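Worksheet for the structure shown next.
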Amino acid sequence: MTLVTLEQITRAFADQPVLDQLSLRVDEGDRVGVVGDNGAGKTTMVRILAGADEPDTGQRNPRRNLRIAYGEQMPQLRSGTTVLDFVLRGNGQHNQLEARIRELEAKLAQSPHDAEALADYGELHAAFESGGGYHRAHQVEQVLEGLGFDAAARQKDVDVLSGGERSRAQLALLMTTPADLLILDEPTNHLDLDGIEFVE
């Protein structure tokens, strides 16, 4: 099943064309890598694919209810929270999914043969599990450890993190976000070999 398509995308900055008639299709199970020179338009394309930016012309067509976890090169993190709390809180999707699952469970208890509710429940439960499900806290701890955050580093305020630590904290958040499509912009820039192997 197709997750998102870009059709005949163009994008220019100050009359300098960056993307010209770009078309792309991403299907379930695809793993796509984009390689090119600096300034070739990789980040521009990724931002449009993620829905974070609009093309000048052309169309972006996402699947209905597509959940995207998108990580920028230079993440902005809100101060006043620890690394662990930042990743546990995530983007709020995990808690929203859990609340919706509870609503559907109550509905299915009253109407166990409601085909639409059953289909929604299956889809939402799969997304919930991809974000750690009821074991989210343990999964977050494992991911943070795999990305080089020891117990002390997990208690640091995100405001004092270096650029590399910020990128790794954002990567941990994205890896534990319930999503249909994970889009990363140069995610391994600040990782050592062990961290790269863990992400793979």
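The set of residues from the stretch 179-200 being open to solvent by less than 50 Å² (accessible area, probe 1.4 Å), closer than 29 Å to Asn65 by Cα and among the hydrophobic types (A, V, I, L, M, F, W, C) comprises Ala179, Leu181, Ile183, Val199. Just to be sure, is Ala52 under 15 Å from the mean Cα position of the chain (by Cα) and either surrounded by 13 or more Cβ atoms within 10 Å (Cβ to Cβ) or under 19 Å from Leu181 (Cα atoms) (or both)? Yes. If you go through the stretch 147-156 and keep only what is surrounded by fewer than 16 Cβ atoms within 10 Å (Cβ to Cβ) and more than 16 Å from Ser79 (Cα to Cα), you end up with Asp150, Ala151, Ala152.
Restricting attention to the stretch 22-31, does a residue exist that is surrounded by 13 or more Cβ atoms within 10 Å (Cβ to Cβ), of a type in the set (Lys, Arg) and out of contact with any Leu (no Cβ under 7 Å at 6 or more places or on another chain)? Yes - at least one qualifying residue is present in the stretch 22-31.
Can you find, within the stretch 88-106, the residue that is surrounded by the most Cβ atoms within 10 Å (Cβ to Cβ) among those that are free of Cβ contacts under 8 Å to residues at least 24 places away in the same chain and touching a helix residue (DSSP H, G or I) at 6+ places or on another chain (Cβ under 9 Å)? I'd like the intermediate steps shown before the answer.
Our first condition is that a residue be free of Cβ contacts under 8 Å to residues at least 24 places away in the same chain; within the stretch 88-106, this holds for 89, 92, 95-96, 99, 102-106.
Okay, now just the ones that are also touching a helix residue (DSSP H, G or I) at 6+ places or on another chain (Cβ under 9 Å), so 89, 95, 104-105.
Numbers: Arg89: 14, Asn95: 13, Leu104: 19, Glu105: 12.
Filtering the stretch 88-106 for residues that are free of Cβ contacts under 8 Å to residues at least 24 places away in the same chain and touching a helix residue (DSSP H, G or I) at 6+ places or on another chain (Cβ under 9 Å), the one surrounded by the most Cβ atoms within 10 Å (Cβ to Cβ) comes out as Leu104.
For the stretch 114-142, the tally of residues that are more than 16 Å from the chain's Cα centre (by Cα), among the aromatic types (Phe, Trp, Tyr) and either open to solvent by 70 Å² or more (accessible area, probe 1.4 Å) or modelled with pLDDT under 80 (or both) stands at 1. Contact map, the stretch 27-44: first residue outside any strand (DSSP E or B), second residue acidic (Asp, Glu) and surrounded by fewer than 10 Cβ atoms within 10 Å (Cβ to Cβ), Cβ cut-off under 9 Å, separation 6 or more or different chains; the map is empty. Under the condition of being in contact with a strand residue (DSSP E or B) (Cβ under 7 Å, 6 or more places away or on another chain), open to solvent by 30 Å² or more (accessible area, probe 1.4 Å) and modelled with pLDDT under 85, the residues counted in the stretch 157-178 number 0. For the stretch 107-140, filtered to residues that are touching a residue at least 24 places away in the same chain (Cβ under 8 Å) and touching a Leu at 6+ places or on another chain (Cβ under 9 Å), the residue that is nearest to Thr188 (Cα to Cα) is Val140. In the condition set (1) polar (S, T, N, Q); (2) open to solvent by 70 Å² or more (accessible area, probe 1.4 Å); (3) touching a residue at least 12 places away in the same chain (Cβ under 8 Å), Gln76 is compliant with all but (3). Give Arg63, Arg67 a once-over and let me know the one that is at pLDDT 90 or above, of a type in the set (D, E, K, R) and surrounded by 13 or more Cβ atoms within 10 Å (Cβ to Cβ). Result: Arg63 is the single residue among Arg63, Arg67 that is at pLDDT 90 or above, of a type in the set (D, E, K, R) and surrounded by 13 or more Cβ atoms within 10 Å (Cβ to Cβ).
Residue by residue, here is whether (1) of a type outside the set (A, V, I, L, M, F, W, C); (2) assigned to a helix (DSSP H, G or I) holds:
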| site | (1), (2) |
| --- | --- |
| Arg78 | yes, no |
| Asp85 | yes, yes |
| Glu98 | yes, yes |
| Leu118 | no, yes |
| Tyr121 | yes, yes |
| Glu141 | yes, yes |
| Glu165 | yes, yes |
| Pro178 | yes, no |
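The values are calculated or read from the model by the stated rules, or taken from the named source; none is laboratory data. Since this is a predicted model, take the numbers as computed values, not measurements. Virtual Cβ from ideal backbone geometry, glycine too; neighbours counted across all protein chains shown. Ligands, DNA and RNA are stripped out before the accessible areas are found, and what is left, the full protein with its side chains, is counted by its heavy atoms. Shrake-Rupley method; radii C 1.70, N 1.55, O 1.52, S 1.80 Å.
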